[in-house]
Amino acid sequence: MTHDHDLVLRPTPAQTEAALNPPPGRNGGDLVVETLAGLGATTVFGLPGQHALGMFDALRRSDLRYVGLRVENNAGFAADAYGRITGEAAPLLLSTGPGALTSLAALQEAAAASAPVLAISSQVPTAGLGGGRHGYLHELPDQAASFRGVVKSVHTARTQSQIPSAIEAAWTSALSAPHGPVWVEIPQDVLLAETAIPVVTGGDAFPEELPPRPELTAVAADLLSKAARPAIIAGGGVVRADASKKLRQLAETLQAPVVTTPGGKGAFPWTHPLSLQSWIEDRHTTDFLEDADVLLVVGSGLGELSSNYHTFKPRGRVVQIEADLGKLESNHPALGIHADARLALQALLETVSEREDPTAPERVRATLAKVAERIAAQELTVEQQVLASVRKALPADSPSFWDMTILAYWAWSAFDAKGPNHMHSAQGAGGLGYAFPAALGAAVADPTRPVLAVSGDGGALYSIAELATARQYGLNVTWLIVDDGGYGILREYMTDTFGEATATELTRPDYVALAESFGVPGVRTTPENLEQDLAKHLASPGPSVVLLPAVLRMFAATHLD
């Protein structure tokens, strides 16, 4: 009798020939790029460095497309966006020590947003591993320790024969729910040494599925079917799991209103009768959710933003579906279901009973009207005009990437993403400099659509060097920079808290002239001309910069009331 685990893949004649007669001149770096290609990678991001030159030399002998950025952290943001757009693990090639450490902030964002990034770094020579102080260039006592608290998993290949298996294990980890960044490091001498190991001709890395426990979904389905006022919070896990259609079907079956978190933008249709949109930082929405007798939370840990800064206190029963075990019931007691959002929603669809609730759409309309009335009372016409102009100028199927800036904070609540996986921001970890390099990664992933990046002037200066990258590769990204002469939101926070602001004002360059010095067209616009100027540049191939000098204000926070 033959069992499944007895089956082995037989090499083809071509594979056998390649194994017996590998081409000369290969090194450990070739094993890296061959493994990546065998796993299905087509594009890698990164920055070369002395210890990593074996990998970069091997790229010359491969069919992988290399996209080089000017700063390692920006390369990490580009790989993050590539992973979000494609759903593939985006390889990120880095050098030892400073090069590796410079990527940490980007990897933290990828971890917070469950973006699959496969970071592969060089290490000091093998003789330097183990914590001794040998004085190698870039040496750290324990480089991997700097990453263990950030990434999903850490893998070290100390010999050439370990390279394919280490990368395959990392690839599987990155793409298993919840997606996330992983870390592989390989010593310099292992990468540089000539290898007699056969050419890597295939990969066998299958992400593990995370199905829900059936006894838990049975209880959840019963609670939701019998609820008088069910409601749903949809987070980024719905987008990552490509479960938006299943979410809509379940919401309509239950007649349950849906709020999307900033990470879950686009997971539910903005204008749907059951859509409470994304006004999750509003007391009226918080009140609505607290009134639900059964609240289904899908793909969200109900963290700071998603709980209106931890002021949300549910009175009903909470059912939480979350692929990240550490987030399950971390903020509120719940019927916790550790599962991929798509598989869990499918299980609920198969077991819930249809509900009739003609009051649900009206309750949604009433709540949105209260939100609109609150915002209207604050005389924020310019801010709403600017956000509306961006929405009108941006094609409906184009992705947008937003830095930590006041206009992005507006967008978290008030911007219609027009679909899942269309709007991305750095709200996961909250670092500056995300938008433009991430948009470049998205443009690499799909060059058929224009991509929008939105930054303040403070965040723009983090990634201004990548104008050279955008120009070098002709990437179709339009960068909207809102220039208010400083860190605008911090200026507001400090003024409100202390009466005046400190360390928030910035001397800024002429961003249009700076862009043009890179060979990137730029234009200075106004709130009145923004829609026209932005639409024009989005319709033009290649990179461009649209500068909007404006001091925007944030709507009043309700969690401080």
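The values are calculated or read from the model by the stated rules, or taken from the named source; none is laboratory data. Everything numeric in this text was worked out from a predicted model, so none of it was measured. As a convention, Cβ positions derive from the backbone with ideal geometry for all residues, glycine included, and neighbour counts pool all protein chains shown. Accessible surface is based on the protein model in full, side chains and every heavy atom, while ligands, DNA and RNA are left aside. Shrake-Rupley method; radii C 1.70, N 1.55, O 1.52, S 1.80 Å.
Before moving on, here are some points about what is shown:
- Cross-linked pairs Lys245/Lys265; Lys246/Lys418; Lys265/Lys327; Lys265/Lys370; Lys327/Lys370: Cα-Cα separations exceed 23 Å for Lys327/Lys370.
- Of the residues Val477, Thr507, Pro541, the one whose Cα sits farthest toward the positive end of the charge dipole of the range 470-551, with +1 on the Cβ of Lys and Arg and -1 on the Cβ of Asp and Glu, is Pro541.
- Contact order normalised by residue count of the chain, Cα under 8 Å, 6+ apart, percent: 13
- Contact order relative to length of the range 402-485, as percent, for alpha carbon pairs under 8 angstrom and 6 or more apart: 33
- When both the range 99-165 and the range 453-525 are represented by their alpha-carbon centers, they are found 31 Å apart.
- Prolate/oblate/rounded label for the range 231-326 (Cα gyration tensor, a/c 1.5): rounded
- The packing ranking, built from the mean of other Cβ atoms within 10 Å per residue, places the peptides 300-310, 455-465, 143-153 in the order 455-465, 300-310, 143-153, highest first.
- For the range 487-561, the spread of Cα coordinates along the three principal axes comes to 46, 26, 18 Å, biggest extent given first.
- For the chain, the residue among Ala366, Trp279, Thr96 whose Cα projects farthest onto the positive side of the dipole built from Cβ charges is Ala366.
- Annotation for Ala539 and Tyr493: the two label points, set 7 Å from Cα along the Cα-Cβ direction, are 4.0 nm apart.
- Rounded if a/c under 1.5, otherwise prolate or oblate - the range 76-207, Cα gyration tensor axes: oblate
- Cβ-placed point charges (K, R +1; D, E -1), dipole of the range 177-268 about Cα centre in debye, nearest 20: 880
- Distance between the pseudo-spin-label points of Ser330 and Ala145 (7 Å out from Cα toward the beta carbon): 2.4 nm.
- Peptides 290-296, 536-542, 125-131 ranked from most to least packed by the mean count of surrounding Cβ atoms within 10 Å: 290-296, 536-542, 125-131.
- [x] 49.6, 166; [y] 26.6, 91; [z] 24.8, 80, with the label sought being that of the calculated Rg and Dmax of the Cα atoms in Å: [z]
- Rolling a 1.4 Å probe over the protein heavy atoms of the chain, with every protein chain left in place, gives an accessible area that is 53 percent carbon and sulfur.
- Relative packing of peptides 212-222, 113-123 - highest average C-beta neighbours within 10 Å first: 113-123, 212-222
- Calculated mean residue ellipticity at 222 nm for the chain: -11000 deg cm²/dmol, from DSSP H runs with n ≥ 4 weighted as -39500 (n - 2.57), summed, divided by the residue count and rounded to 500.
- Estimated distance in nm for a label pair at Ala372 and Glu356, the labels positioned 7 Å out from Cα along Cα-to-Cβ: 3.0
- Assigned charges on the beta-carbon of Lys, Arg, Asp, Glu; the range 477-523 dipole about Cα centre (debye): 140
- In terms of its C-alpha gyration tensor, the range 47-124 comes out oblate, because a/c is 1.5 or above while a/b does not outweigh b/c.
- Ordering Ala193, Gly203, Pro214 by Cα displacement along the dipole of the range 187-227 toward the positive end leaves Pro214 in first place; charges were set at the Cβ atoms of Lys, Arg (+1) and Asp, Glu (-1).
- Applying 1/(1 + (r/R0)^6) with R0 = 30 Å to the Cβ-Cβ distance of Thr381 and Thr448 gives a FRET efficiency near 0.25.
- The distance separating the Cα centre of the range 166-225 from that of the range 376-423 comes to 34 Å.
- In the range 24-64, Cα pairs under 8 Å separated by at least six residues give a relative contact order of 62 percent.
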